[in-house]
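Asks: Here you go, one structure.
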Amino acid sequence: MISQDLIEQLMRYGTSTVGIITATGRSGVNLMSAEWTYLVARRPPHFAVGCQIKNHTTGLILERQEFGLTLCDATMASLANFAGTFTGAEVDKSSASGLRLREPAVTGTPTVEGGTLSAECRVRSVVDLPDYALIVGEAVWMTADPERNATPLVKHGGMYELGERILSREVTGSATAFPDGTVRLCASAQGVDDPEQPVPWTVTLSPAAGGPEIPVGTVRDGEDLDVVIELPRAPLPGDALIVARPDCRPVRVALPTP
């Protein structure tokens with residue numbers, strides 16, 4: 001059983017970039033805000049948009065089998081709010097103040113100027129859901145301006161912009177023991193300054209019974225470590241590997257016995 005209160009609050013437990021979706025019909029261009037707008041494939045790019053079946057824009061997209069998409073930046077919060085408040089069946093949203101439409105390059109549907117990225121998409125599949133349709137479109141044209149360094153407009157209940165990058169400088173790892181006595185050690189370092197710069201990863205064996213740690217070896221690698229190592233002795237229950245690098249806090253990785 002899922003409580004109705006939890007269902008009503010679901011939007012507060014995840015985030016997404018707000019998209020403004022455009023579609024064309026007999027009366028011209030319509031647009032709507034879609035908080036469920038996601039990149040779902042890269043080669044070629046595909047975007048998925050969750051649309052209420054009853055929405056005017058949904059009908060236009062399904063009729064024309066194409067749509068425009070702009071991932072909003074933080075300066076577009078007011079426009080996104082307007083586009084998501086009124087229906088294009090009653091209001092000409094294409095005349096909204098501050099809205100600039102870009103002429104289509106490949107399809108017959110314009111996109112909204114601004115944002116972090118815009119794309120013209122052709123519908124490739126539709127997933128029917130309760131009250132919604134998940135429309136998946138292939139991008140046949142895209143544009144972005146990295147020089148703008150725009151901040152995405154994020155939906156998390158309300159609308160927000162991104163905060164500071166997380167630099168936890170923590171290592172997370174796991175060890176897999178093989179029957180031949182070797183161990184595959186996988187670890188990643190979050191928040192390092194230069195993920196591609198090789199730095200020394202130091203591995204030591206921490207005996208379960210206590211006593212001094214036993215050096216295992218040092219490997220120079222980037223943000224991620226993936227090595228097969230030989231232990232100085234057979235692992236015992238409770239043994240662990242201490243994985244460290246100079247720019248992060250070390251981590252204790254449980255060492256399973258084969």
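Asks: In percent, what relative contact order does the chain have, based on Cα pairs under 8 Å that are 6 or more apart in sequence?
Replies: 16 percent
Asks: Shifting gears a bit: What is the magnitude of the charge dipole of segment 133-248 about its Cα centre, with +1 placed on the Cβ of each Lys and Arg, -1 on the Cβ of each Asp and Glu, and no other charges, expressed in debye to the nearest 20?
Replies: 320 debye
Asks: Which of the trypsin sites (Lys or Arg not before Pro) across segment 26-64 are loop residues per DSSP, with 13 or fewer other Cβ within 10 Å? Provide the component values of the computation, followed by the final result.
Replies: Details: sites: Arg26, Arg42, Lys54, Arg64; in loops: Arg26, Lys54.
Those that pass, being in a loop and sparsely packed, are Arg26, Lys54.
Asks: Sticking with this structure for a sec: Are there any chymotrypsin sites (Phe, Trp or Tyr not before Pro) in segment 61-99 that are in a DSSP loop and have at most 14 other Cβ atoms within 10 Å? List them by number.
Replies: Those satisfying the criteria are Phe86.
Asks: With each label point set 7 Å from Cα along the Cα-Cβ vector, what nm distance links Asn149 and Asp5?
Replies: 4.4 nm
Asks: How long is the gain from Val123 to Leu101 if the chain were fully straight, where each residue apart is worth 0.36 nm and the alpha carbon distance is subtracted?
Replies: Here the segment from Val123 to Leu101 would lengthen by 5.9 nm.
Asks: With only Lys, Arg, Asp and Glu charged, each at its Cβ (+1 for the first two, -1 for the last two), find how big the charge dipole of the chain is about the Cα centre; round to the nearest 20 debye.
Replies: Computed about the Cα centre, the dipole is about 280 debye.
Asks: Still on this model: Need the C-alpha centroid separation for segment 235-258 versus segment 73-121, integer Å.
Replies: Between the Cα centres of segment 235-258 and segment 73-121 lies a distance of 52 Å.
Asks: Count the net charge of all other residues whose Cβ sits under 14 Å from the Cβ of Val40, scoring Lys and Arg as +1 and Asp and Glu as -1.
Replies: Counting the neighbours of Val40, the net charge comes to +2.
Asks: So, by mean Cβ neighbours within 10 angstrom, what's the order for 106-119, 231-244 with the highest one leading?
Replies: Going from most to least packed, we get 106-119, 231-244.
Asks: Per residue, what accessible area does the chain have, given a 1.4 Å probe and all protein chains present, in Å²?
Replies: 56 Å²
Asks: About the Cα centre, and with charges only on the beta carbon of Lys, Arg (+1) and Asp, Glu (-1), how big is the dipole of segment 107-163? Nearest 20 debye, please.
Replies: Dipole about the Cα centre, nearest 20: 80 debye.
Asks: Using DSSP to call loops (not H, G, I, E or B), can you name the trypsin sites (Lys or Arg not before Pro) in segment 121-222 whose Cβ has at most 16 other Cβ atoms within 10 angstrom?
Replies: Those satisfying the criteria are Arg165, Arg169.
Asks: Ok, one more. Using only alpha carbon pairs under 8 Å that are at least six residues apart, calculate the relative contact order of segment 153-195 and give it in whole percent. All intermediate terms of the calculation are to be shown ahead of the outcome.
Replies: Details: 44 pairs, mean separation 14.3, N = 43.
Reported relative contact order: 33 percent.
The values are calculated or read from the model by the stated rules, or taken from the named source; none is laboratory data. All figures in this text were calculated on a predicted structure; none of them were measured in a lab. Note that each Cβ is placed from the backbone with ideal geometry, even for glycine, and that neighbours are counted across all protein chains shown. With ligands, DNA and RNA removed, areas are computed over all heavy atoms of the protein, side chains included. Shrake-Rupley method; radii C 1.70, N 1.55, O 1.52, S 1.80 Å.
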